[in-house]
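Worksheet: one structure, shown below.
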Amino acid sequence: MIAWILATGDEVVNGAVEDTNSAHIARALLEEGVRVERHMAVADDLDALVDAFTETGGRADVCVVTGGLGPTQDDLSAEAAARAAGTGLSLDPEALAWIEALFKAMDWKMNESNRKQAYLPETALRLDNPMGTAPGFSLDINRCRFFFLPGVPREMVRMLAQEVIPRIRLMDNRPLEVFRSRTLRTFGGGEAWVGQMVSGLEGEFPGLKLGLRALFPEVQVKLYLRTGDADEAKRVLSRAAGLVADRLGDRVFSLEDEDLEAVVGRLLRERGQTLALAESCTGGLVSHRITGVSGASDYFLLSAVTYANHAKTRLLGVSESTLAQHGAVSGETAREMARGAREAVGADWGLSTTGIAGPTGGTEEKPVGTVWVGLSGPDGDRSFRFRFPFPERERNKEIFATSALDVLRRALAGLEDPRYG
């Protein structure tokens, strides 16, 4: 079964709005064994939309369309679909009743333009939208079954799961293959190094496809398998993931597509331990990531963003002599920051960052991209110096924060000290 995905709207075409809808739809279809062959974006132009729907109708089995179902004049998907299908538009009474009830419940005034959303192609099947005013619909154009969904992501996601995927599963005479994927996430080795280490893997597992995705500052290894046996797919992917992990070693921080902060949180929870943070150059980014994980209150006790030196001394107990002799960006300061945060709340672990994010402030001895990570724990205090070659402030902050989390991950898991930077 071949699928195309079509996003409509001038904002999508000109890049003003990022098309996250198509990516979500592609992942959902692939999980169902539907082969996604093409993504398209079409402007709010009636003739262009009719042409796109007509072309798709002759070449794909399934097409999911997002956008163009609203009340304004540039919302043209229903009219274009009707023309491409050789039919007209008609008022759907149930759709109109839903829209009217929604406006009444919200105490909003309903304009005549809102009635436009209740006009669907005469041959269409309405798809209910429980989260908005715009109903979706499905209809056939030539050989292709089209599903039209709103462009609002939260509405689209809900309708795709409830209205579209179940119907695709029931389509006759179009057998679905079993498609499975697995994502391993790594940090500490560049894309070229990861690619070299996993080279030749596909040849050891017939039908397996391997992809790399550099999502700064990590590299993800994607394993894809299409087969007719779901159990066999699971076994093959498990063996392949194990081989990738063997080749990449402890730079793999998740075999199950987990964020690094989620891995750290899970390890802390499993050990019944707690964490306190002291950040300087990362400005609270490590704390933000830690608290982005649901349930972080089980193990996260304190965050102190001590940017100024006097904040480091007054809040964390960093010695003024340490700052005078070694500077704020030093292993000695990093260790004292981590220990001060840990002792302030009685945490099991203290983690700190102090560095030079740039683009200014670097010296020959401490260039931009230098960071010290301090770690204070049950076995004492340590610090780690990393040097990254990035002049951009945001990239440095991101990789500094990731380095700190990885230092803690390694300590919690009993792994060797990091060797990157």
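The values are calculated or read from the model by the stated rules, or taken from the named source; none is laboratory data. Treat the numbers as computed from the prediction; the structure is a model and nothing was measured. All Cβ positions, even for glycine, are placed from backbone atoms using ideal geometry, and neighbour counts span all protein chains on display.
Observations on the structure shown:
- Unmet requirement for T20, which otherwise passes all of (1) under 17 Å from F148 (Cβ atoms); (2) touching a residue at least 60 places away in the same chain (Cβ under 8 Å): (1)
- First in the range 82-99 and at pLDDT below 95, second anywhere and surrounded by fewer than 19 Cβ atoms within 10 Å (Cβ to Cβ) and of a type in the set (K, R), Cβ under 7 Å, 6 or more apart: D92/R126; E94/R126; A95/R126; L96/R115
- Any hit, the range 98-111, residues being of a type in the set (S, T, N, Q) and either exposed (fewer than 13 other Cβ atoms within 10 Å of the Cβ) or within 15 Å of V64 (Cα to Cα) (or both): yes
- Of the candidates A304, A308, A344, A324, the single residue that is among the aliphatic types (A, V, I, L, M) and either crowded, with 19+ Cβ neighbours inside 10 Å or outside the structural domain of G377 (by TED's automatic domain parsing) (or both) is A304.
- Which listed residue is surrounded by 14 or more Cβ atoms within 10 Å (Cβ to Cβ), without any contact (Cβ under 8 Å) to a residue 24 or more places away in the chain and within 18 Å of T8 (Cα to Cα), from V65, V152: V152
- Residues of the range 70-107 satisfying the condition of being within 35 Å of the chain's Cα centre (by Cα) and outside any helix (DSSP H, G or I): G70, P71, T72, Q73, D74, D75, L76, M106
- Selection status of G242, part of a helix (DSSP H, G or I), of a type in the set (G, A, S) and not assigned by TED's automatic domain parsing to the domain that holds S287: yes
- Failed condition for D257, given (1) out of contact with any helix residue (DSSP H, G or I) (no Cβ under 9 Å at 6 or more places or on another chain); (2) within 12 Å of T183 (Cβ to Cβ); (3) surrounded by 15 or more Cβ atoms within 10 Å (Cβ to Cβ): (3)
- Consider the range 20-52 and keep the residues that are part of a loop (DSSP other than H, G, I, E, B) and modelled with pLDDT under 95. The one that is surrounded by the fewest Cβ atoms within 10 Å (Cβ to Cβ) is E32.
- Here the strands (runs of 3 or more DSSP E) wholly within the range 111-182 that include at least 1 residues being out of contact with any Leu (no Cβ under 7 Å at 6 or more places or on another chain), aliphatic (A, V, I, L, M) and farther than 30 Å from A241 by Cβ are 125-127, 136-141.
- Restricted to the range 329-409, the set of strands (runs of 3 or more DSSP E) holding at least 3 residues that are under 20 Å from H288 (Cα atoms) and in contact with a helix residue (DSSP H, G or I) (Cβ under 6 Å, 6 or more places away or on another chain) comprises 349-355, 370-377.
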